[in-house]
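Rule-based calculations on the coordinates, nothing more; no lab input. Nothing here was measured: the structure is a model prediction, and the numbers come from that model. Neighbour counts are summed over all protein chains in view; Cβ atoms, including those assigned to glycine, are modelled from backbone coordinates with ideal geometry.
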Amino acid sequence: MNMNIKLLSVTLLLATLAFSNCKKDDNTPPPEGGTALRILPGIGTTELKIGDPTQKAIDLYGTPLPQNGSANGTYYHFLIYVAAGVAIFCEPTNQSMFNAQLPIESLKFSGTYKGKTAEGIGIGSTKAEVKAAHGDPVSSSQNFGDVYSVGMSIFYNNDVVNSIEVE
């Protein structure tokens, strides 16, 4: 994903999260259990993988109000599940209407998400724990987080993980 598209996606996510506190999603509780919440860098989770149709996320988390943004005739559809701490980004398309068969391009975990990587890294882990588990990132910036070659970016607030993106 090029830098402009990723920046647009992050901006849209932040704007949606700001407004989503004013409205409720379907209140479907997050899936429970160890394997359902396992974060698999570069893959997704045990039950929801990059490339899966978005319908699989809807089956797992419930029906949200789909969101989108556009630039130059390309639409970026995404689903936000505030209660579960999950945002699902679809592959870009030229279709303005959401289609549940759009493939998942990336997943972002934050807030209430309880899942962790196999190394025990999750929301609330420290930067030192991430470094011990995954080493140094291949790149690091405030806008794009610490990017790891395994297909995962980690974002911090005061050296504590506040979101993890898998792509």
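List of remarks:
- P(r) tail, the stretch 66-120: Cα-Cα pairs separated by more than 13 Å, 61% of all pairs.
- Separation of alpha-carbon centers, the stretch 41-87 and the stretch 90-160, rounded to whole Å: 14 Å
- Per-peptide average of other Cβ atoms within 10 Å, ordering 84-97, 112-125 highest first: 84-97, 112-125
- Intensity falloff of the stretch 90-167 expressed as log10 I(q)/I(0), Debye formula with alpha-carbon point scatterers, at q = 0.24 Å⁻¹: -1.10
- A protection proxy built from the mean count of other Cβ atoms within 10 Å ranks the segments 43-51, 139-147, most packed first, as 43-51, 139-147.
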